[in-house]
Amino acid sequence: MVTRATVTSSKTVDFSFRGPLGFEAHTVLLSVETDSPNQYAFESVGGNIALTGIVDFAEIRPNCTEVTLAVHYEIKNKLFAWLDRRLHFVDSFVTAELRSIRAHFEGIAASYLDHARVMPMLQTATA
């Protein structure tokens, strides 16, 4: 569960999340310059988890953009690093967050008129 994600005026992101077994990650993310205007790279400074990553945006057709995220992380605490290699809890956290974001955008894209009625007997009768 994300406990804090704050964007500062200096364009850094102060990011924290809580995982299983009492693991609490904290890091500060900084932007890294890239050659492509369609990419956003970042790396962490400080904290108890080291992150590097890149987000790539590719327009696949008008009004439809594919977003690709690649992240590499290293937990600095040896016990939690060992547990993560066995239980993959950071991967599970990232996957759950991405699914939540995807569901949000799919919900925005879906028309509210296309959803099935909860109680069909209360629909307007057609002549």
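The values are calculated or read from the model by the stated rules, or taken from the named source; none is laboratory data. On a predicted model such as this, the values are computed, not experimentally measured, just so you know. Every residue, glycine as well, gets a Cβ built from its backbone with ideal geometry; the counts of neighbours run over all protein chains shown.
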| query | So A5 clears everything in (1) in contact with a strand residue (DSSP E or B) (Cβ under 6 Å, 6 or more places away or on another chain); (2) of a type outside the set (S, T, N, Q); (3) in contact (Cβ under 8 Å) with a residue 12 or more places away in the chain except one condition, right? Which one? | reply | (3)
| query | Of all residues in segment 37-72, which are at positive phi and polar (S, T, N, Q)? | reply | N63
| query | So which of F17, F42, F23 ends up being more than 14 Å from the chain's Cα centre (by Cα) and surrounded by 13 or more Cβ atoms within 10 Å (Cβ to Cβ)? | reply | F23
| If we scan segment 80-96, do we find a residue that is basic (K, R) and at pLDDT 85 or above? | yes
| query | Picking from A5, A50, A70, which residue would you name as being modelled with pLDDT of 90 or more and within 16 Å of L98 (Cα to Cα)? | reply | A70
| request: Could you tell me whether S9 is out of contact with any Asp or Glu (no Cβ under 9 Å at 6 or more places or on another chain) and surrounded by fewer than 16 Cβ atoms within 10 Å (Cβ to Cβ)? | output: yes
| query | In segment 84-97, how many residues are surrounded by 13 or more Cβ atoms within 10 Å (Cβ to Cβ) and either of a type outside the set (A, V, I, L, M, F, W, C) or within 13 Å of A25 (Cβ to Cβ) (or both)? | reply | 7
